[in-house]
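Please read the structure below before turning to the comments.
Where a number appears in this text, it was derived from the coordinates with a stated rule and is not lab data. This is a predicted model, so every value here is computed, not measured. Don't worry about glycine lacking a Cβ; one is built from the backbone with ideal geometry, like all the others, and counts go over all protein chains shown.
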Amino acid sequence: MYTKWKGFIMVLTVGTVAAELPKPFQCVSQLDINSTEAALKSALFCGTSYNPRYRPVKYQQDRLAMYIGAEVINVERVRTDDAKLEVTLELLMQWYDAFLHWNKRSSHNIETINVSEHDLWTPTFAAKSFQKSPRIQSTLTCSRIKCHLSYDGEVIYTVLCTFMVDCYAEARYWAFDTKLCTLRIYSAEYDTNQLSLFHFQRRLSYPSYPLLPYKITSFQMATVNSTMSPEFRMDIVIERLIGSHLVVFLMLIVVLSLLNLVIPWLRVDSTARTVTIILTTVLQTLFLVLLYWYGVVKMKPVISLAHLLLGTFLFGVLVLAWTYYVRAQIDGSHGPQQGLGQFVSVLRKNRPLGAFLAIGYLNESSKGELSSDWEDGHHEPTHAPAHGREDDSDGPTADGEDCYVEWSEIVQPCDRILFCAMLTAYFILYGVYAF
């Protein structure tokens, strides 16, 4: 709807301006001239042998110096091709006509008059993208043409043109969908011995406000007179406004990652851990589907964020599997494997590491401690009397032999180890994404 209204307003504006543009001057008799400006135009265009088809120089071997500049009015993406943009420019040219000048004192101090582009010589340029594009555009299709003629022969010529520009993406700034668009405007009619182009410094500008959905971050111009045809080149760097989107997506991924890191700090047999796991899993699944869809359909840089979320989601699934495995083992009265118990015992012998593994849960007060003996770090393992074995059996003893360990003694340190592994993996994932 916005596009339709914008197009309607542009057409209405162009129509209004076109209605106000001066028409080609018609030579009439002196009796029909009713104003000083009309008398001045008649003296310039009818009383002389002025021909608008020839360059306005006294001698044909003279070179005409022209100043040229541009201002970006609008930038729009071509829907059928992501690598092309429609750039609307207001081109401004200035030169001196050697034949069109007058004495302002004898003309009632008239310094400037508006004339039609058909009454005096005006340049015609061709436009082509600097990339490999066979399409050649012309300034003949431009609109809103204005010509101002001063008493000293200065001509100010402005036109509004829309060009199709080929762009290529800058890989260094992929996250912001940065495109470099180069436009080459050149004269196909004159060579550098007949026409020289120079910067018109007052028009080397572009709007500071965003031209949705793009923002112009750089606008450079250069005139080239060393080739056969004088050229005016423009390098426009355009950045699609997706940085804010990526930041929002990234912040949500960070929040979900923090939720995954909180889970190992909740008791394995608590309702809080169950609710957190279910909530985090559902949110990550929905967000993962959304990011992949959004990246494929609308914004390709989002796919990298989707890969990052997938990596964090897999560690969340690991926490879920560990939680329900431990619960199943506890409910079935199955003890942990001896290798796991021995591994935890080895880690406990290191006093700083043992102190970290002995840190309790955030919701420890809700239920009794899983293992109160971890705080002092000197728990003596219980000999294996369970599962039908007698105390005087020939089984191993505590003197360097296998011993029986309860799940209550294993879960808390394993959760701390799992937290450290997840934190390290998250740092690696975010580091790879950032660099």
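At full extension, VAL432 and VAL275 could sit 53.4 nm farther apart than now, given 0.36 nm per residue minus the alpha carbon distance.
Based on the Cα coordinates of the range 231-319, what is the per residue volume of their convex hull in Å³? List each step's numbers first, then the result.
Values: hull volume 8.1 nm³, N = 89.
Spelled out: Cα convex hull of the range 231-319, divided by residues, is 91 Å³.
In the structure shown, do any of LYS41/LYS146; LYS41/LYS104; LYS128/LYS300 have a Cα-Cα gap over 18 Å, and if so which? Pairs exceeding the cut-off: LYS128/LYS300. The loop-placed trypsin sites (Lys or Arg not before Pro) in the range 108-148, going by DSSP, that have at most 16 neighbouring Cβ atoms within 10 Å of their Cβ come out as LYS132, ARG135.
Of the GluC sites (Glu not before Pro) found in the range 55-117, the ones in coil according to DSSP and having at most 12 other Cβ atoms within 10 Å of their Cβ are GLU111.
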